[in-house]
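The values are calculated or read from the model by the stated rules, or taken from the named source; none is laboratory data. Since the model is a prediction, treat every value here as computed from it, not as a measurement. Don't worry about glycine lacking a Cβ; one is built from the backbone with ideal geometry, like all the others, and counts go over all protein chains shown.
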Amino acid sequence: MIIEKELICEALEARKCSHSPYSHFAVGAALLCSDGQIVRGTNVENASFGGTICAERSAFLSAISMGRRDFEVIAIVGAPHGDEISELCAPCGICRQFMSEFCGSDFKIVLFDGKKPVTRTLGELLPDTFVLKGDE
Ligand code: THU
């Protein structure tokens with residue numbers, strides 16, 4: 001899929017902006033919205049470690065702040081500072097749950113090991129999702 005490659009390139013660019021002085025692990029994400037907009041995100045760490053925001057949530061927060069609510073695909077890349085991408089960087093549990101607030105089980109998650117993209121669905125990565133009915 002052409003879009004997978006484009007999203008991986010965008011995620012690699014986003015990764016360059018990572019603020020990760022504690023883990024020294026830089027992550028980039030690129031989120032494709034249903035209207036075609038691609039929104040980047042990167043991990044932003046904090047001296048109070050729990051305040052850290054992952055790249056995936058960073059991308060979603062930007063997109064939501066830009067008025068987007070419908071999403072198709074997210075690409076994620078991660079590796080230690082100074083390293084090329086060589087292993088898949090799968091989203092953490094908090095990010096999986098966060099994504100489930102806005103995306104259905106068919107939402108695509110593209111991972112990259114430096115050689116080829118691997119596509120999963122949110123349903124595969126977060127089966128039996130916890131849901132609570134809200135007002136919106
Ligand atoms: N990280 C992400 O950005 N996304 C993930 O799904 C996994 C972890 C970040 C958080 C932290 O800044 C660093 O990677 C090491 O955990």
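Of all residues in segment 37-56, those satisfying the criterion of being near the ligand (Cβ under 6 Å from one of its atoms), without any contact (Cβ under 8 Å) to a residue 40 or more places away in the chain and not β-branched (Val, Ile, Thr) are Asn43, Glu45. Any residue that is touching a strand residue (DSSP E or B) at 6+ places or on another chain (Cβ under 6 Å), part of a loop (DSSP other than H, G, I, E, B) and near the ligand (Cβ under 9 Å from one of its atoms) - is there at least one of those in segment 2-21? Yes, there is a match, as at least one residue in segment 2-21 is touching a strand residue (DSSP E or B) at 6+ places or on another chain (Cβ under 6 Å), part of a loop (DSSP other than H, G, I, E, B) and near the ligand (Cβ under 9 Å from one of its atoms).
Counting the residues of segment 43-65 that are touching a strand residue (DSSP E or B) at 6+ places or on another chain (Cβ under 6 Å) and over 13 Å from Ser23 (Cβ atoms) gives 5.
When residues in segment 22-36 are screened for being more than 13 Å from the ligand (Cβ to nearest atom) and either of a type in the set (S, T, N, Q) or in contact with a His (Cβ under 7 Å, 6 or more places away or on another chain) (or both), 1 of them pass. Pull up segment 67-86, narrow it to residues that are under 20 Å from Tyr22 (Cα atoms) and part of a loop (DSSP other than H, G, I, E, B), then point me to the one that is nearest to the ligand (Cβ to nearest atom). Once the filter is applied, the top-ranked residue is His81.
Only one entry in Arg96, Arg68, Arg15 is of a type in the set (Lys, Arg), surrounded by 13 or more Cβ atoms within 10 Å (Cβ to Cβ) and touching a Gly at 6+ places or on another chain (Cβ under 6 Å), namely Arg15. Here Ile94 fulfils each of the conditions (1) within 13 Å of the ligand (Cβ to nearest atom); (2) of a type in the set (A, V, I, L, M); (3) in contact with a strand residue (DSSP E or B) (Cβ under 8 Å, 6 or more places away or on another chain); (4) assigned to a helix (DSSP H, G or I) apart from (3). Residues that are surrounded by 15 or more Cβ atoms within 10 Å (Cβ to Cβ) and under 14 Å from Val27 (Cβ atoms) occur in segment 112-129; there is at least one.
Against the conditions (1) part of a strand (DSSP E or B); (2) touching a residue at least 40 places away in the same chain (Cβ under 8 Å), Ala59 satisfies every one except (1). Cβ-Cβ contacts under 8 Å between residues 6 or more apart (or on different chains), taken from a first residue in segment 96-117 that is modelled with pLDDT of 95 or more to a second residue that is of a type in the set (Lys, Arg) and assigned to a helix (DSSP H, G or I), are listed as Phe98/Arg57; Pro117/Lys5.
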